[in-house]
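**Student:** Got a structure here, written out as structure tokens. Questions coming.
The numbers here are math on the coordinates, done by the rules we state, and not lab data. This one's a predicted model, so the numbers in the text were calculated from it and none came from an experiment. Backbone-built Cβ (ideal geometry, glycine too); neighbour counts: all protein chains shown.
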Amino acid sequence: MLLQAKNTINSMTILMQIPKDKLLHSFYGSWIYILSTLVLPTTFALALVVVIAIGKEVYDKVSGKGTPELMDIVYTIGLPVAIVLIDKYKGIIND
């Protein structure tokens, strides 16, 4: 039990070190992926997340309203890519 509590504390410490902006990118990228899989095949849903992530950074660059960063794209698509890879490995996704 003590080991489990210690691991939870370590996980929270790691999570708290990730900038809020990057966590938001992960959150929104995941939700875009999850919601789009309701109406699109998995491959298209993942492609949509990639297009939106790149498009958002291009918008930041062109408009000057944000700071375009490659890591924003990585954090946006990271969890959806992980979901797809895990599901394909387990044989859950067939498309």
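**Student:** How far, in nm, would the chain grow between VAL81 and LEU23 when pulled straight, counting 0.36 nm per residue and subtracting the alpha carbon separation?
**Tutor:** 19.3 nm
**Student:** I've got another one for you. Under the classification rounded if a/c is under 1.5, otherwise prolate if a/b is larger than b/c and oblate if not, where does the chain fall, given a ≥ b ≥ c as square roots of the Cα gyration tensor eigenvalues?
**Tutor:** Oblate shape, in that a/c is at least 1.5 and b/c is the bigger or equal ratio.
**Student:** Another question, if that's okay. What FRET efficiency, computed as 1/(1 + (r/R0)^6) with R0 = 30 Å and r the Cβ-Cβ distance, is obtained for VAL62 and ASN10, rounded to the nearest 0.05?
**Tutor:** About 0.15, to the nearest 0.05.
**Student:** Can you give the calculated 222 nm mean residue ellipticity of the chain, where each DSSP H run of n ≥ 4 adds -39,500 (n - 2.57) and the sum is split over every residue, rounded to the nearest 500 deg cm²/dmol?
**Tutor:** -27500 deg cm²/dmol
**Student:** Right, next: Under 14 Å from the Cβ of LEU79, count the other residues' Cβ atoms, weight Lys and Arg +1, Asp and Glu -1, and hand me the total.
**Tutor:** With Lys, Arg at +1 and Asp, Glu at -1, the neighbours total -1.
**Student:** I would also like to ask the following. Once phi is turned into ³J(HN,Hα) by the Karplus curve 6.51 cos²θ - 1.76 cosθ + 1.60 with θ = phi - 60°, what whole-Hz value does each residue of segment 58-71 show in order, with x for glycine and proline?
**Tutor:** 5, 4, 4, 5, 5, 7, x, 8, x, 10, x, 9, 4, 5
**Student:** Once phi is turned into θ = phi - 60°, what whole-Hz ³J(HN,Hα) does the Karplus curve with 6.51, -1.76 and 1.60 give for every residue of segment 83-90, x standing for Gly and Pro?
**Tutor:** So the J values, rounded to whole Hz, are 4, 5, 4, 5, 5, 5, 4, 7.
**Student:** For the chain, with a Gaussian network of springs between Cα atoms less than 10 Å apart, report the residue from TYR59, TYR75, TYR33 with the top mean-square fluctuation.
**Tutor:** TYR59
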